[in-house]
Each structure stands twice: as structure tokens, then as C-alpha cells.
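The values are calculated or read from the model by the stated rules, or taken from the named source; none is laboratory data. Source: prediction; values computed, not measured. Ideal geometry is used to build each Cβ from the backbone, glycine not excepted, and the neighbour counts take in all protein chains shown. Just the protein is used for accessible areas: all its heavy atoms, side chains included, with ligands, DNA and RNA removed. Shrake-Rupley method; radii C 1.70, N 1.55, O 1.52, S 1.80 Å.
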Amino acid sequence: MARKIGSRYTVHQVIGRGSAGTVWLGEGPDGPVAVKLLREDLASDQVLVGRFIQERTALMSLDHPRVVGVRDMVMDGDDLALVMELVQGADLRSRLDRDGPLTPLAAVSVIADVADGLAAAHAAGIVHRDVKPENVMLDLAAPAGPGGAPRAKLTDFGIARLVDAPRRTRATRIIGTPDYLAPEIIEGLEPRAAVDIYALATVLYELLTGFTPFGGGHTGAVLRRHVTETVPPIPGLPDGLSRIIGECLAKAPASRLRAAELADRLREQLPYLAGLPAHVPPQGKAPAEELITPGEAVYAEVDAGPGTHRRRRGPAVPLVPAPSPDSTRDTHTSLRRPSAQELASYAAESQAQRREAAPASGHRKGRRALVRRRRLYAVLLAVVLLLAGAAAAYSAFAASSPGTRAGASAPWSTDPGADTHARSAAPNH
Ligand SMILES: Nc1ncnc2c1ncn2[C@@H]1O[C@H](COP(=O)(O)OP(=O)(O)OP(=O)(O)O)[C@@H](O)[C@H]1O
């Protein structure tokens, strides 16, 4: 059913839904467009509308081949809509869900494209703040890139800020998608360009392996890992590419590469990636799932504006996928920011858990096994001594009491009444 949006656009059919609204296929004066109609509750928020007007110029002036262009921003009665360039293709999440990890060549080519888009945005002073596979469109109408990889475009620029800032971004809350959140956001710092680099490196990791480096399990566990854990290495990757991923996932924002540098460094890697196969994730239980502790429930508070907290698209579990109902990924969530003490306690807890769970060196592993064996022997010895003592005491008692001999089966009865009855009845026999 066709519907008018403002005086210039008509939308025909829904092509996608996200947390902020519905995306429609539409028609404008210059041809086909994609129109994102924001949710009603957002569209009626006066602060958001003000922000919408404020951001209009910045978002519309971001013009780059690796960014999905915002053509117009429309306010019409109850409708608040972003009119975008229509991309003939699919988002990267759908591609990943359908086909699994990409070959290293395709993954790096796609991420280099997105880094180009980010470089343009950062140069214009715009931080995306919600880089994730859902927000990368694969442009299937464009000629393919290196190794036949589709060209990529980053979309949803400024949406996280636009939609979330007016009502929810207080000092105590975190806005974003947990798997891709840079540690400084969790620690309460103002998100700068480096948060996009961290998120993009997380996406690269996910394209290569099929899972995010710190995702999986309870949201609190995910946040803690971002702050305290080191990146699990990807086997079989050229060192140069592993180094790039490590630098971009550095905990300190200043240590990360800038977007333009990242794009260049990734393209330098392309010759070394030709012919490398896509990663096949092993099956089994994810070690990170075992690291989740009950204390992490303090993070569970979620701002439940309609649609702001969605769980979907299956598990994003570190190392191997685990079909746990708790391991689906939150997308675009508003969370309570943990206090410094909570983070510190999670850090300490994390180290302790790591000592327990991480593969130990042969020496430490052997020593722990020895200590465990000794403890087991001590417990067994104590049980044997106790039983021997009890048996001796019983034989002494049995020898000195004829009444007990008469009701010999009674002391072993599981019925306390039977036991009492046997002993009290014996003298009458
Ligand atoms: N410019 C576009 N051209 C073509 N399809 C688009 C365009 N923008 C979005 N879509 C489609 O609409 C779907 C929903 O997009 P939307 O941006 O609303 O949500 P999302 O990014 O998937 O999730 P969230 O908003 O929760 O982060 C996308 O998955 C994509 O398939």
C-alpha cells in the first residue's frame, strides 16, 4: 500500500525493520530511495525532533561512495523520516547469518571499504557510534572489489546519537550494541572516533571467525570482557593482519589506528590473503560461557523502550557457537553503566577466573592437579577413619546389649519409628 511521506516521497513496501523504525522502499523526485520511518514514540519526542533538525545538515552533507547517503530528513505530521540512497543488496549481518565467515580476502576488502567511509565521517567530525554488521550494506549492483568481494557501505550514521541521546544518554547509561562497545564507553568516557575503529575491528574479527571476540552470554559478561580480557588469537591468520586487529582492539583508544591508516594497512594485506580459505568454527562449548558468574547480573538492567532491546540472530559466542538461550546478542541497547568499583571487582574476578580457566602451562597445570589429588586423598582418608570409628563403636555397643541382638535389623532401618520401637520393645521379649 503506497503512503506519502512529506510532499516529495511515496513509500510502497517494507524492506527491513530495525530498533529505531521501519525501512521502506520508496520513490522520490530523483528516483528510488530507502525511507526509514522512525518509531512513533521517537517521532513524538520533542527533544529528538530538535536534534533531528540540528543533525540534518551534518548528516546530509556526508557524501562518500562508502557511506549510504542521507538524501533528506522529513518531518510531516507524526512522521519523522530519513530518506536514504537505496542500496541494491543485503546487509552484512544477513550475509554472515546465511553463509558464515567470509574468506580473509573478502573480509578485509569489505572492512577496508567501511574504514574509507569512516575516515570521511571522522574528517567531518561525525562519530558513528554503532558500527556493526547490521549497519554495513553490501552493494551488489556495484562492480565487485578485490577477489570478487562485494563493495560495502556504512549506513545509519548518527542514528545512535540521534535516537538515543535526547532521552536516554545520561552519565549513568551506555548506548550501543554490547558486542561492539569500546572499553572507554563502558568506563564512561565520551565516545570519540576510536570507538568506531574498535567496533570495526570487532566486525572484522566476526567476519573472519563467525563470532565476536568478547561476545557471548550475559551482557554483563560481554562488558567485562571488553574492559579486562585480551583478544583470543585467530589461528592461521598472517601476522600482519593479526597485528592490525590487535592494534585496533587495544584497550587504550589512543593506541588504535585512525580510519584512513586502517584502510591502507588492510589493503597492504590483500596480496597475502589470496587463496586463504574461510574459517570453519569448531563445535563444542565456548570457554567464555564458563567464565560467566552470577555477580554479572548487576548489568542486567535494560532500558525497555519499545524495540530498544532486541535479542535476535542467534548466538555470538567467543571461540565456538553454543546454542544457549542466554547467548543471543543484544542490539542497540541502553544499559546501566557499571560503577568503577564494579568494574574493578570484575577485573579481579576475571583474573581469578582466567587463572582457573585459561590453558595453564604444563608446570602449573601439573601442580594444580597434584594439589587437587592430595585434597581428594585427605578427604577419602577422613571418611574411612570416620566409618571405622563408627563401626567399632557399634560393635562395642552391640556386644554389651542383648536387647539389640534380639532386634538385630532395627538399627539399620530407615524408619526412625521402627528403630525406636525395636529398642523399646526388646526388654518386653
Ligand atoms: N539504504 C538502504 N537500502 C536498502 N536497504 C536498507 C537500507 N537501509 C536499511 N535497509 C534494510 O533495512 C533493514 C533494517 O535497517 P535498520 O537500519 O532499520 O535496522 P538495523 O540496522 O538492522 O538494526 P538497528 O537499527 O537495530 O541497529 C536493514 O537490515 C537493511 O536490510
Margin query: Looking at the stretch 184-208 only, could you name the residues that are hydrophobic (A, V, I, L, M, F, W, C) and open to solvent by less than 10 Å² (accessible area, probe 1.4 Å)?
Written below: Ile186, Val195, Ile197, Ala199, Leu200, Ala201, Val203, Leu204, Leu207, Leu208
Notebook entry, point to check: Leu105: in contact (Cβ under 8 Å) with a residue 60 or more places away in the chain and open to solvent by 20 Å² or more (accessible area, probe 1.4 Å), yes or no?
Noted result: yes
Next item on the list: Using the structure shown, decide if Leu86 is open to solvent by less than 60 Å² (accessible area, probe 1.4 Å), modelled with pLDDT of 90 or more and touching a Phe, Trp or Tyr at 6+ places or on another chain (Cβ under 8 Å).
Entry: no
Item checked: Residue match in the stretch 106-123 (condition: among the acidic types (Asp, Glu), in contact with an Asp or Glu (Cβ under 7 Å, 6 or more places away or on another chain) and either away from the ligand (no atom under 14 Å from the Cβ) or not in a helix (DSSP H, G or I) (or both)) -> no
Next item on the list: Could you please give the count of residues in the stretch 57-74 that are touching a residue at least 60 places away in the same chain (Cβ under 8 Å), under 23 Å from Lys4 (Cα atoms) and away from the ligand (no atom under 12 Å from the Cβ)?
Entry: 3
Checklist line | Unmet criterion (only one of (1) within 15 Å of Ala106 (Cα to Cα); (2) modelled with pLDDT of 95 or more) for Val195 | finding: (1)
Next item on the list: Exactly one condition in (1) out of contact with any His (no Cβ under 7 Å at 6 or more places or on another chain); (2) near the ligand (Cβ under 10 Å from one of its atoms); (3) not assigned by TED's automatic domain parsing to the domain that holds Ile159 is not met by Leu25; state its number.
Entry: (1)
Next item on the list: Could you identify the single residue in Ile53, Ile15, Ile5 that is more than 16 Å from the ligand (Cβ to nearest atom) and either free of Cβ contacts under 8 Å to residues at least 40 places away in the same chain or open to solvent by less than 60 Å² (accessible area, probe 1.4 Å) (or both)?
Entry: Ile53
Check: How about the stretch 1-98: which strands (runs of 3 or more DSSP E) wholly inside it have at least 2 residues that are more than 22 Å from Leu154 (Cα to Cα) and polar (S, T, N, Q)?
Finding: 9-17
Note to self: Here is a check on your reading of the model: is Val35 modelled with pLDDT of 90 or more, within 10 Å of the ligand (Cβ to nearest atom) and closer than 10 Å to Ala81 by Cβ?
What the structure shows: yes
Notebook entry, point to check: In the stretch 252-272, which residues are closer than 22 Å to Gly210 by Cα, open to solvent by 70 Å² or more (accessible area, probe 1.4 Å) and touching a residue at least 40 places away in the same chain (Cβ under 8 Å)?
Noted result: Arg267
